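Asker: My structure is below; once you've seen it, I'll send some questions.
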Amino acid sequence: MDSMNYSDKFGQAVDALKLEGRYRVFANIERRAGRFPAAYRHHQNELAEVTVWCSNDYLGMGQHPAVISAMQDAIATCGAGAGGTRNISGTTHYHVMLEAELADLHRKDSALLFSSGYVANETALSALANGLPGCVILSDEMNHASMIAGIRAGGSEKRIVRHNDLAHLEAELAALDPGRPKIVAFESVYSMDGDVAPIAAYCELAERYGAMTYLDEVHAVGLYGPRGAGVAERDGVMDRVTVIQGTLGKAFGVMGGYIAGAEPIVDYVRSFGPGFIFTTALPPAISAGALASLRVVRDATELRDRHQERAATLKRRLGEAGLPVMATESHIVPLMVGDARACKAASDRLLDHHGIYVQPINYPTVPKGTERLRLTPSPLHGDAEIDRLIDALTDVWRSIGLKWAA
Ligand code: PLP
């Protein structure tokens, strides 16, 4: 028998992506501390300055002086790595302080750090399902890949709930045996459409039908609520959500993920979650940077206000220019293209002709036919940058022949 050519097999799968126009090409970017959203782009042995319009460093905290110096100090004091798993020598004082601060931010007993928001969701959801024999997870159909991975790994029964559809959620809850444990898993700000879940109504239903709630606030922590604890804080329902999950890699500008909740629940995940237990702890400098960021962001109401103002201004300007901006209730600004190849062509032209970097968003991140440019204005994007973006997009829409707003 001929031996299988494994490289060819994998190569063919990647070629299929290329044919569909959704092969991922990474822009080679060098961020410049102190100059965000400006960055250098390395391309064909040349260096060009670009403006980044698609970063999830939503507030520019990745370059905040307090964050940089906290990280430098921690490296100078503790060195580079944590040196072990959390259980075996890897828990440093920075991890302990950060977890206490995160618990306080969400007004919960405890918080637990993970290598990333992805790992937090995957580990926590699978562990929680494992800890509740016979449990059913009710999962919003638009939930992030990391939640889906956690739910799959947990192996419990799951029901997919139509997106933000309270009537559907209630029907599913009502159909279940009242004695079965249930977890309602959803997000606050959905990262691609920028819409927001009615968290209070979710809690109401969960309470009525005896379910616990698991809320991913990855795209909301730092950005919403009086202390930047997220949409649940803004809506005054943080105490009604059982587990809040977040990231330190987006609005906080560093890296890492976490959950916050009642002590026994967090302690259970700490004690039973393989993705927490069997991996090296975050470097102390990451924890120190995230801690410094959290302390700045908690009090930075004006930064949050400016962030919202920039998003509203950008949406208005795109609309005035006839560009097909999706109306959103959050800081996320999707510009609809509707085709993978056209989306990539638009992104390429923005980068190559205008020095503007917006990564194309294609399937499977969004459904086919809804390919888009996802713009993320920050408080550091000025009026002049918005003017340049609108001019560049107008050129791109004309030259490629993309659809304008109806
Ligand atoms: N949850 C949601 C909704 C996300 O969009 C992301 C994206 O990255 C994650 C979780 C994972 O967070 P992290 O980037 O910290 O791994």
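Asker: Output the number of residues of the range 79-115 satisfying the condition of being within 16 Å of the ligand (Cβ to nearest atom) and open to solvent by 30 Å² or more (accessible area, probe 1.4 Å).
Answerer: Looking only at that region, the number is 1.
Asker: Residues that are over 26 Å from Val333 (Cβ atoms) and not β-branched (Val, Ile, Thr), at least 1 per element: which strands (runs of 3 or more DSSP E) completely within the range 1-74 meet that?
Answerer: 38-43, 46-52
Asker: Turning to a different aspect of this structure: If I filter the range 131-153 down to residues being away from the ligand (no atom under 11 Å from the Cβ) and open to solvent by less than 10 Å² (accessible area, probe 1.4 Å), which single residue comes out as nearest to His219 (Cα to Cα)?
Answerer: Only one residue fits best here, namely Ser139.
Asker: Tell me, yes or no, whether the range 119-130 has at least one residue that is open to solvent by 30 Å² or more (accessible area, probe 1.4 Å), out of contact with any Ser or Thr (no Cβ under 7 Å at 6 or more places or on another chain), under 28 Å from Ala285 (Cβ atoms) and within 16 Å of the ligand (Cβ to nearest atom).
Answerer: Yes, the range 119-130 contains at least one residue that is open to solvent by 30 Å² or more (accessible area, probe 1.4 Å), out of contact with any Ser or Thr (no Cβ under 7 Å at 6 or more places or on another chain), under 28 Å from Ala285 (Cβ atoms) and within 16 Å of the ligand (Cβ to nearest atom).
Asker: How many residues, within the range 328-353, are within 23 Å of the chain's Cα centre (by Cα) and either under 22 Å from Gly230 (Cβ atoms) or buried (at least 18 other Cβ atoms within 10 Å of the Cβ) (or both)?
Answerer: 14
Asker: While we're on this one: Select from the range 226-251 the residues that are part of a loop (DSSP other than H, G, I, E, B), crowded, with 24+ Cβ neighbours inside 10 Å and more than 10 Å from the ligand (Cβ to nearest atom) and list them in ascending order.
Answerer: Within the range 226-251, Gly228, Ala229, Gly230, Val241, Ala251 meet the criteria.
Asker: Residues being within 12 Å of the ligand (Cβ to nearest atom) and surrounded by 24 or more Cβ atoms within 10 Å (Cβ to Cβ): count how many of those fall in the range 252-285.
Answerer: Count: 8.
Asker: Can you give me the number of residues within the range 177-196 that are within 12 Å of the ligand (Cβ to nearest atom) and either open to solvent by 20 Å² or more (accessible area, probe 1.4 Å) or farther than 16 Å from Ala232 by Cβ (or both)?
Answerer: So the count comes out to 4.
Asker: Output the number of residues of the range 32-59 satisfying the condition of being touching a helix residue (DSSP H, G or I) at 6+ places or on another chain (Cβ under 9 Å), polar (S, T, N, Q) and over 15 Å from Ala392 (Cβ atoms).
Answerer: Final tally of qualifying residues: 1.
The values are calculated or read from the model by the stated rules, or taken from the named source; none is laboratory data. Given the structure is predicted, the values throughout are model-derived calculations rather than measurements. Backbone-built Cβ (ideal geometry, glycine too); neighbour counts: all protein chains shown. Accessible surface is based on the protein model in full, side chains and every heavy atom, while ligands, DNA and RNA are left aside. Shrake-Rupley method; radii C 1.70, N 1.55, O 1.52, S 1.80 Å.
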